[in-house]
Amino acid sequence: MRQKGGIPGAASAVEFVPANYFRPIAPAEMFSRAAAIEVDLGCGDGAYLKALAGQKQDRNFLGIERLRGRVHSACHKIQQADLGNARILCVEIAYAVAHLLPPHSIAVFHLMFPDPWPKRRHQHRRLVTVDFLASIHRALIPRGTLQIATDQRDYFRQIESVAAQSPQFTPISAQDPPAAQSTFEKRFCHTSIYRLGLRNVSDVT
Ligand SMILES: C[S@@+](CC[C@H](N)C(=O)[O-])C[C@H]1O[C@@H](n2cnc3c(N)ncnc32)[C@H](O)[C@@H]1O
């Protein structure tokens, strides 16, 4: 399937480079056919995204990642697998979710092993906050979900607490076993992995 939106400077035709970073991106700009969209937040080298996109070819997949080297690896994997249903966007997650994804457009968000920032003085950098969940809620379709996995017990407890302050979500059991293993999970997680699913129970923004 031919990718749309390939431009010079992009890692490959798999990378989606918005023409305008100051307005929401219509799904039709990224994908050549209409289908439910799943987003992998902080997709790293794209291994998890590639596995999901291969398993569920009736859906569209978007990986969001800020590091250029990882964007290149992810694009390469998707291209080698000849998956026309996956794109990569190189941008900051919180900005993309709040400003680039249209309201009520995403069926599933995956947040696999977000940077844990274990030192107390760095914890304000953690991604999952009440405001972040409000942005996720805005972008999700009704009954859409956010799937989270982390090996950091302390961060997991914090995420549970933030979720409890967000009445637009209800906890659901996370996929067990998960649909695929991410690179981080395969390489580094030999201890407990904490998983949580959150379902959007309201369509009010
Ligand atoms: C610990 S790694 C996990 C990668 C992948 N999800 C996995 O499980 O293998 C976290 C990834 O999220 C990316 N990341 C962290 N914060 C980000 C942000 N604010 N915007 C975009 N990417 C981010 C990092 O560059 C890194 O690739």
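For the reader, a short list of remarks on this structure follows.
- Of all aspartates and glutamates in the structure, the ones whose alpha carbon falls short of 14 Å from that of Lys119, not counting any fewer than 8 places away in one chain, are Asp154.
- Summing +1 for each Lys or Arg and -1 for each Asp or Glu among the other residues whose beta-carbon sits under 14 angstrom from that of Glu160 gives +3.
- Environment charge at Asp58 (Cβ cut-off 14 Å; Lys +1, Arg +1, Asp -1, Glu -1): +2
- Distant-in-sequence amide H partners of Leu89 (H built 1.01 Å from N, under 5 Å): Phe16, Gly63, Ile64, Glu65
- Of all DSSP beta bridges confined to the chain, the antiparallel ones make up roughly 35%.
- Across region 119-205, C-alpha contacts under 8 Å between residues 6 or more apart give a mean separation that, scaled by the residue count, equals a relative contact order of 45 percent.
- Computed FRET value (nearest 0.05) for Arg125 with Ala19, which takes r as the C-beta separation and R₀ as 41 Å: 0.85
- Cα→Cβ-extended label distance, 7 Å offset, between Arg143 and Gln158, nm: 3.4 nm
- Most mobile listed residue (Gln181, Gln158, Gln123) in the chain, GNM with C-alpha springs under 10 Å: Gln123
- Cα gyration tensor shape for region 145-199, rounded if a/c is under 1.5, else prolate or oblate: oblate
- Mean projection area, nm², convex hull over Cα of the chain: 11.0 nm²
No lab work stands behind these numbers, since they all come straight from the coordinates. Note that the coordinates shown come from a computational prediction; the quantities given were computed from them, not determined experimentally. Note that we place each Cβ from the backbone using ideal geometry, even for glycine, and neighbour counts take in every protein chain shown.
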